[in-house]
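Report on the following structure.
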Amino acid sequence: MSSVEQIAPERPTKLFAKRQSVHPRRIDGPFRRFKWLVMFVTLAIYYGTPWLRWDRGPYAPDQAVLIDLANQRFYMFGIEIWPHEFYFVAGLLIMAGIGLFLVTSAVGRAWCGYSCPQTVWTDLFQHVDRFVDGDRNARMRLDAAPWSAGKAARRAFKWTIYLVIAFWTGGAWIMYFADAPTLTRDFWNGDAASVAYGTVAVLTATTFWLGGFMREQVCIYMCPWPRIQGALIDEKSLIVTYKDWRGEPRGSVKKAEKDPGAFGDCIDCNLCVAVCPTGYDIRKGPDVACITCSLCIDACDRVMKEVGRPRGLIDYATLEDCRHEAAGGQPRPAWRTLLRPRTVIYFTIWAGIGLALLFALGTRTHLGISVEPDRNPSFMLLSDGSVRNAYTVKLRNMQSRPRALQLELEGIPAAEMWTDDMPRQEAARKIVREIPPDTTLPLRVYVIAPPGSPPQAFGFAATTQGERPERAASETRFEAPENER
Amino acid sequence: MANRRLDEATGTETVGHEWDGIEELDTPMPRWWLWTFFATVVFAVGYAIAYPAWPLVEKGTEGVLGWTSRGEFAREMQHERDGRAALMAQLTATPIERLADDPELMRAAVAGGRAAFKVNCVQCHGSGAAGSAGYPNLNDDDWLWGGDLKTIEYTLLHGIRQPGEDTTRTSLMPAFGGALSSEQIGQVADHVLSFSGKAKDNAAGAQLFADNCAACHGPAGTGNRELGAPNLADAIWLYGGTSESIAQQIRQPRHGVMPAWQHRLDPVTIRMLAAYVHSLGGGEQFVEVAANAADQADEQR
Ligand code: SF4
Ligand code: SF4
């Protein structure tokens, strides 16, 4: 035996390890029931939301949540987001990010364990496995069995169910982008946009593949999030932990009876590994492979109950608690991890952004104006010596009904304006335009000031007519020759 | 240099190169990688046969598919032209003074004109069409020959003082450098400036103007579009509005030339250019259209 073999006795012969199939066993318990609940709620939200209706009057779609890319609108119940208000969406995304930080620093990888789409769909597909092939042992037997007509039929049946779920998932996605009932009809009639079919095909394929076959490999090898989480979790974050100071050394009940005091609480039944959706053995310590789904807690608590030992051999604990308990201290209540500077700071930022968004939502007007002055040329001398500037003024009516808007000059007392769709003779300080619902009206506006007017700042103001008038204004500049006259 | 040996830790042969004590294992390629590589080789051979690939002395190989990037470009351009054919036909068929009746068509014409302007006109009139000394500003409301759509189109087609062009607009201001003395020219220039209140009038200048200039520019200097005689009573000066530049123009006038574009551009492009220039803010109403608008207003009432 060479010295190398002594150093690395299990030298790799291949540089790639084949995936070991994971066949998690059914388990029941509080965490499993919570997982059921989360799965039901999240899937119901995902599949059901596009079918909720919301009456917005005759001019706007009546789908409660709709991302209308063609018209560049985002509808969410009573809220309607325009492209220039995209900061709402950006704000929500930032909140989602900080929310993840908050949750992770408080309760570890709760997102991974319960509500990550990959987790939810993997869970769903595992239930399908159980439904078609039976529980863990039956599935392992079937896996190992040679191909036969029966096995092929089972596989075909199972993959068909996968495919139906995957297709339904891909189909639900496009419903967010167009009126759901209409799109469904068009889709089956072959009238939907090709991008709809493409999206459904891609999402069906990815759901089928990632949920049906890749499963825990996505969490362990493909997903970047666990790598970032490592930096977000500290010694005060709750994680699923095997209390080795209590469990080790392991030994079966029989051995422990023979030799009392020599063994820890773990009876080495391996149930915690059997139920784990990623096939990880939590007794090896925290690892990227553990998505904190807590099914092993359910499993071990059940075992402990059967053998009459206290629950919580595997439990949520912080690394700090672990040290404390290992040194002989009493278990501390888990809620204490929730309230500490780090989580409070995250929560404050998170809530601050949320309040700011709410405030912006409450105070925003349904009227917008933007003014862009012509720069080439920046001003124009007319034959009677007066000075003319040109502007592109965009008026936005962000309501689902047509409105009359009055555009008015503010400043440059002697100035008047006209637009390129009206005769110059009708130039005035106020012009009124009818704007269709949910529309931006671009106007080319000429402002004319008497000879000798100096360059100066002024503004355009738009006001709606009728009850509850709204107003929007924009500052801009009037350019003129500096040294004339 | 090759020093192949068996690596003890892995039992794999090394490739025999060493960099600062680091050696590379001669691990075989995965099968799929090799097949992918072979597939790319096959693809490359097929590609080199099908498409132009090998440079030869005179020309490159042409490829059995006969594809060329020029051909591709021509096809794309043709496709683009075909797509616009209907619009272009409509633009050709619509008399320019009727363009405004169809806002959609007008918008298309202005957009097309803007593009054509950037290619053909900016050299003289500037990218913002604001012109410069000697090159008219097309944004303002002063037109030597008229600023309605039809007149602008005519000017574009036939040019101004285009040599060898029968239908071109021509006006030639005589040079007064020999006929008038320097002092007299200064007096006329002052009189001309007095029209727009920029200088004090003088009787001698007024008399000289009445004798020599009023025939074309009018007694009050307001110009004559029939002759392309500029309005001297407004604030816009093609060659500068100081008494020196005016005096120079009286002494030895400069005459700008606008090319006749009908030989260089097709009629639709010229029509679109006219629409664009008209849209710049100084365009004038076509008289007949104005009458029409009045009719429509009456009907609505
Ligand atoms: S080790 Fe436990 S908590 Fe972690 S993934 Fe497996 S079952 Fe879930
Ligand atoms: S379920 Fe509990 S008792 Fe059984 S092996 Fe796992 S840790 Fe040990």
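The values are calculated or read from the model by the stated rules, or taken from the named source; none is laboratory data. Quick caveat: nothing in here was measured; it's all calculated off a predicted structure. Cβ: placed from backbone, ideal geometry, glycine included. Neighbour counts: every protein chain shown. Just so you know, the surface numbers come from the protein's heavy atoms only, side chains and all, with ligands and any DNA or RNA stripped out. Shrake-Rupley method; radii C 1.70, N 1.55, O 1.52, S 1.80 Å.
Quick rundown of the values:
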{"quantity": "For residues of B:136-142, the mean tally of beta carbons on other chains within 10 Å", "calculated": "4"}
{"quantity": "Packing-based order for B:4-16, A:59-71, A:204-216, using average beta carbon neighbours within 10 Å, highest first", "calculated": "A:204-216, A:59-71, B:4-16"}
{"quantity": "Pair A:Asn71, B:Val122: separation of 7 Å Cα→Cβ label points (nm)", "calculated": "3.7"}
{"quantity": "Packing rank of A:258-267, A:136-145, A:381-390, where each peptide gets the mean count of other beta carbons within 10 Å, highest leading", "calculated": "A:381-390, A:258-267, A:136-145"}
{"quantity": "Estimated translational D of segment A:343-424 in µm²/s (Stokes, Kirkwood radius over Cα pairs; 20 °C; 1.002 mPa s)", "calculated": "126"}
{"quantity": "Pairs from A:Lys430/B:Lys198; A:Lys236/A:Lys305; A:Lys254/A:Lys284; A:Lys158/A:Lys284; A:Lys18/A:Lys243; A:Lys258/A:Lys305 whose Cα-Cα separation, in the structure shown, is over 22 Å", "calculated": "A:Lys430/B:Lys198; A:Lys236/A:Lys305; A:Lys254/A:Lys284; A:Lys158/A:Lys284; A:Lys18/A:Lys243"}
{"quantity": "Computed magnitude of the charge dipole of the protein assembly as shown (debye, nearest 20; Cβ of K, R +1, Cβ of D, E -1)", "calculated": "3920"}
{"quantity": "Convex hull volume per residue for chain A, taking Cα atoms only, in Å³", "calculated": "270"}
{"quantity": "Per-selection Kirkwood Rh - chain B (Cα, Å, 1 d.p.)", "calculated": "25.7"}
{"quantity": "Column: log10 I(q)/I(0), Debye, Cα scatterers of segment B:138-284, q = 0.13, 0.18, 0.21 Å⁻¹", "calculated": "-0.63, -1.03, -1.25"}
{"quantity": "B:Phe38 paired with B:Arg254, simple spin-label distance in nm, labels 7 Å along Cα-to-beta-carbon", "calculated": "7.7"}
{"quantity": "Apportionment of accessible area to carbon and sulfur, segment B:144-301, percent (1.4 Å)", "calculated": "53"}
{"quantity": "Degrees between helix A:87-107 axis and first principal axis of chain A (Cα, 0 to 90, nearest 10)", "calculated": "20"}
{"quantity": "Calculated FRET efficiency for the pair A:Lys254/A:Arg19, C-beta based, R₀ 35 Å, to 0.05", "calculated": "0.50"}
{"quantity": "GluC sites (Glu not before Pro) restricted to DSSP loop in segment B:21-100 with at most 11 other C-beta within 10 Å", "calculated": "B:Glu58"}
{"quantity": "Cysteines (scope chain A) whose Cβ has no counterpart Cys Cβ under 4.7 Å", "calculated": "A:Cys112, A:Cys116, A:Cys219, A:Cys223, A:Cys266, A:Cys269, A:Cys276, A:Cys290, A:Cys293, A:Cys300, A:Cys322"}
{"quantity": "Rg/Rh ratio calculated on Cα atoms of segment A:341-485 (Kirkwood radius)", "calculated": "1.14"}
{"quantity": "Selected from B:Ala44, B:Ala109, B:Ala130 as most flexible by GNM, with chain B as the system and alpha-carbon contacts under 10 Å", "calculated": "B:Ala44"}
{"quantity": "Inter-part distance where segment B:152-167 and segment B:188-213 are each reduced to a Cα centre, Å", "calculated": "32"}
{"quantity": "A:Arg471-A:Leu355 FRET efficiency (beta carbon distance; Förster radius 22 Å; 0.05 resolution)", "calculated": "0.30"}
{"quantity": "Set of aspartates and glutamates with alpha-carbon distance to A:Lys151 below 20 Å, sequence-local pairs under 8 removed", "calculated": "A:Asp129, A:Asp133, A:Asp135, A:Asp143"}
{"quantity": "Among A:Pro30, A:Asn137, A:Thr42 the positive-end extreme of the charge dipole of the protein assembly as shown (Cβ point charges)", "calculated": "A:Asn137"}
{"quantity": "Chain B: most fluctuating residue of B:Tyr51, B:Tyr239, B:Tyr276 per GNM, C-alpha cutoff 10 Å", "calculated": "B:Tyr51"}
{"quantity": "Percent RCO, i.e. relative contact order, over segment B:31-116, from Cα pairs under 8 Å lying at least 6 residues apart", "calculated": "13"}
{"quantity": "Chain-alone versus full-assembly comparison, segment B:1-36, residues with accessible loss of at least 40 Å² (1.4 Å probe)", "calculated": "B:Glu8, B:Ala9"}
{"quantity": "Where labels lie 7 Å past Cα in the beta-carbon direction, separation of A:Trp168 and B:Tyr239 in nm", "calculated": "8.6"}
{"quantity": "Over segment A:256-339: Kirkwood hydrodynamic radius from C-alpha pairwise inverse distances, Å", "calculated": "14.2"}
{"quantity": "Average beta-carbon neighbours from other chains, 10 Å sphere, peptide B:234-244", "calculated": "2"}
{"quantity": "Sequence-distant aspartates and glutamates (8 or more away, or on other chains) whose Cα lies within less than 20 Å of B:Lys200", "calculated": "A:Asp384, A:Glu484, B:Glu183, B:Asp190, B:Asp211, B:Asp234, B:Glu244"}
{"quantity": "Space enclosed by the convex hull of the alpha-carbon atoms of segment A:131-193, per residue, Å³", "calculated": "118"}
{"quantity": "Volume per residue of the C-alpha convex hull in segment A:141-273, rounded to whole Å³", "calculated": "218"}
{"quantity": "Within the protein assembly as shown, helix-based [θ] at 222 nm, where runs of 4 or more DSSP H residues each add -39,500 (n - 2.57), nearest 500", "calculated": "-13000 deg cm²/dmol"}
{"quantity": "Kirkwood Rh and Cα Rg combined as Rg over Rh, evaluated for segment A:392-435", "calculated": "1.00"}
